[in-house]
Amino acid sequence: CAYFPLIDVTGAGNGAEALRKVDYMRPNIIFTDIQLPEKSGLELISEIKQMYGDIVIVILTNSDSPEYREQAFRSGADHFISKVEDSCIESILARTEETMSMGRSTDPGR
């Protein structure tokens, strides 16, 4: 990533795979959607927060309804970004920069 050259970025095909990768990699920040195959993003967030409360979780979704926002925050999301907002990219960069500036390690094996 040109903005954050020391960040490792990985993806997951579904919620179950994402949870396995979180257990292995212990990321600083996770971007997820609400709708995922095999496990909802809300379930994923709740499980991650129960195990690793310090991981910052950002919902990045096409849905911008108040109900989704409320559910996301109740599940433990730290931030909610709508992909349809004009400021979507700026919000992603701001959340990433904020997380990295908190003095957290970027080493996935920390």
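Using the structure shown, decide if P66 is open to solvent by 60 Å² or more (accessible area, probe 1.4 Å) and free of Cβ contacts under 8 Å to residues at least 12 places away in the same chain. Criteria met by P66.
Within segment 23-42, if we keep just the residues that are among the hydrophobic types (A, V, I, L, M, F, W, C) and in a loop (DSSP other than H, G, I, E, B), the residue that is least open to solvent (accessible area, probe 1.4 Å) turns out to be I34. Pairs meeting the criteria (first residue in segment 29-54 and under 10 Å from S75 (Cβ atoms) and without any contact (Cβ under 8 Å) to a residue 60 or more places away in the chain, second residue part of a loop (DSSP other than H, G, I, E, B) and acidic (D, E), beta carbons under 7 Å, at least 6 apart or on different chains) are G41/D33. Scan segment 43-63 residue by residue and report those that are in contact with a Lys or Arg (Cβ under 9 Å, 6 or more places away or on another chain), open to solvent by 70 Å² or more (accessible area, probe 1.4 Å) and within 12 Å of L19 (Cβ to Cβ). Within segment 43-63, none qualify. Looking only at segment 60-94, residues that are charged (D, E, K, R), touching an Asp or Glu at 6+ places or on another chain (Cβ under 8 Å) and part of a helix (DSSP H, G or I) come to 0 in all.
The values are calculated or read from the model by the stated rules, or taken from the named source; none is laboratory data. Predicted model only: the values in this text are computed from it and were never measured. A quick note on method: Cβ atoms are made from the backbone with ideal geometry, for glycine too, and the neighbour counts reach across all protein chains shown. Ligands, DNA and RNA are excluded from the accessible area calculation, which covers all protein heavy atoms including side chains. Shrake-Rupley method; radii C 1.70, N 1.55, O 1.52, S 1.80 Å.
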